[in-house]
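Q: For reference, the structure I am asking about is given below.
The values are calculated or read from the model by the stated rules, or taken from the named source; none is laboratory data. Remember, predicted model here, so these are calculated numbers, not experimental data. Here the Cβ positions follow ideal geometry from the backbone for every residue, glycine too, while neighbour counts run over all protein chains shown.
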Amino acid sequence: MFQHFLQDAVTLFVVIDPIGLVPIFIAITQKEPTVSRRRIAALGVGISTLILLAFLVMGQVLLEALEISLPAFRTAGGILLLIVGLQMVLQESSVHSASTDPTSSIDLAVFPLATPLIAGPGGIMSVVLLTDNTKFGVMDQLLTSLALLSVLLITFIALLSAEYIQKGLGRTGVNVITRILGLLLAALAMETILAGIKGYFG
């Protein structure tokens, strides 16, 4: 049981990549005040937890009912990631200005933080595959749920540390990293799109 939990936890950790989310989180919240940034982190992780748990329980049934293939789902998620990456590279306005308006925090928490960054196509596909009803029993699925919650807790802690990392980098450093990460995110999105297309036609 412990080995199963560990395998699922490692798989989800690699897919969600809490450490890799930190610089992207800094980029999209660099003009937000501290309180707002913490609210965005909490809301983003909370919303993504609900999304991933929902797909863990009903994802396989839902996708089959709607006749949506995993490659098609991956392609759609890749397009969303591509949009986020291009905004980070090209548009100064894509980074929200500082605001105490809770609506701004909710918008950022839902998109792009909760989805597609945390609960992206990779994470959703992983929880669906790791809880395949034809392969795993209830106990295995409970262990996968526990592994998922553990990884999301680590993600939340990592996002809270972003404030200290941002102070160390300074405004110029954050701007440079934002452009570089936007380019890398766009490239990752293209890989996701191409993998989805290849899987669909393959």
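Q: Just the residues that are of a type outside the set (Gly, Ala, Ser) and surrounded by 19 or more Cβ atoms within 10 Å (Cβ to Cβ), please, taken from region 24-38.
A: 24, 25, 26, 28, 29, 30, 32, 37
Q: Let me ask something else about it. Only one of these conditions is not met by residue 74: (1) under 25 Å from residue 185 (Cα atoms); (2) modelled with pLDDT of 85 or more; (3) in a helix (DSSP H, G or I). Which number is it?
A: Going through (1) under 25 Å from residue 185 (Cα atoms); (2) modelled with pLDDT of 85 or more; (3) in a helix (DSSP H, G or I) one by one, residue 74 breaks only (2).
Q: How many residues, within region 81-97, are surrounded by 18 or more Cβ atoms within 10 Å (Cβ to Cβ) and modelled with pLDDT of 80 or more?
A: Total meeting the criteria: 1.
Q: So, of the residues in region 140-152 that are among the hydrophobic types (A, V, I, L, M, F, W, C) and either in contact (Cβ under 8 Å) with a residue 40 or more places away in the chain or on the phi > 0 side of the Ramachandran plot (or both), which turns out to be surrounded by the fewest Cβ atoms within 10 Å (Cβ to Cβ)? Break it down stepwise before answering.
A: First, pick out the residues of region 140-152 that are among the hydrophobic types (A, V, I, L, M, F, W, C): 142-143, 146-149, 151-152.
Still in the running and either in contact (Cβ under 8 Å) with a residue 40 or more places away in the chain or on the phi > 0 side of the Ramachandran plot (or both): 143, 146-149, 151-152.
On the way: 143: 22, 146: 13, 147: 22, 148: 23, 149: 15, 151: 23, 152: 22.
Per the stated criteria, the residue is 146.
Q: Got at least one residue in region 40-53 being surrounded by fewer than 18 Cβ atoms within 10 Å (Cβ to Cβ) and more than 30 Å from residue 169 (Cβ to Cβ)?
A: yes
Q: May I pose another question? Quick check: anything in region 145-161 aliphatic (A, V, I, L, M), in contact with a Lys or Arg (Cβ under 9 Å, 6 or more places away or on another chain) and either within 14 Å of residue 4 (Cα to Cα) or in a helix (DSSP H, G or I) (or both)?
A: There is at least one residue in region 145-161 that is aliphatic (A, V, I, L, M), in contact with a Lys or Arg (Cβ under 9 Å, 6 or more places away or on another chain) and either within 14 Å of residue 4 (Cα to Cα) or in a helix (DSSP H, G or I) (or both).
Q: Would you confirm whether any residue within region 13-22 is more than 13 Å from the chain's Cα centre (by Cα) and in a helix (DSSP H, G or I)?
A: No, there is no match, as no residue in region 13-22 is more than 13 Å from the chain's Cα centre (by Cα) and in a helix (DSSP H, G or I).
Q: If you scan region 146-175, which residues turn out to be over 17 Å from the mean Cα position of the chain (by Cα) and of a type outside the set (S, T, N, Q)?
A: 146, 163, 164, 165, 167, 168, 169, 170, 171, 173, 174
Q: Further question: Can you find a residue in region 32-46 that is over 20 Å from the mean Cα position of the chain (by Cα) and either modelled with pLDDT under 85 or not in a helix (DSSP H, G or I) (or both)?
A: Among the residues of region 32-46, at least one is over 20 Å from the mean Cα position of the chain (by Cα) and either modelled with pLDDT under 85 or not in a helix (DSSP H, G or I) (or both), which makes the answer yes.
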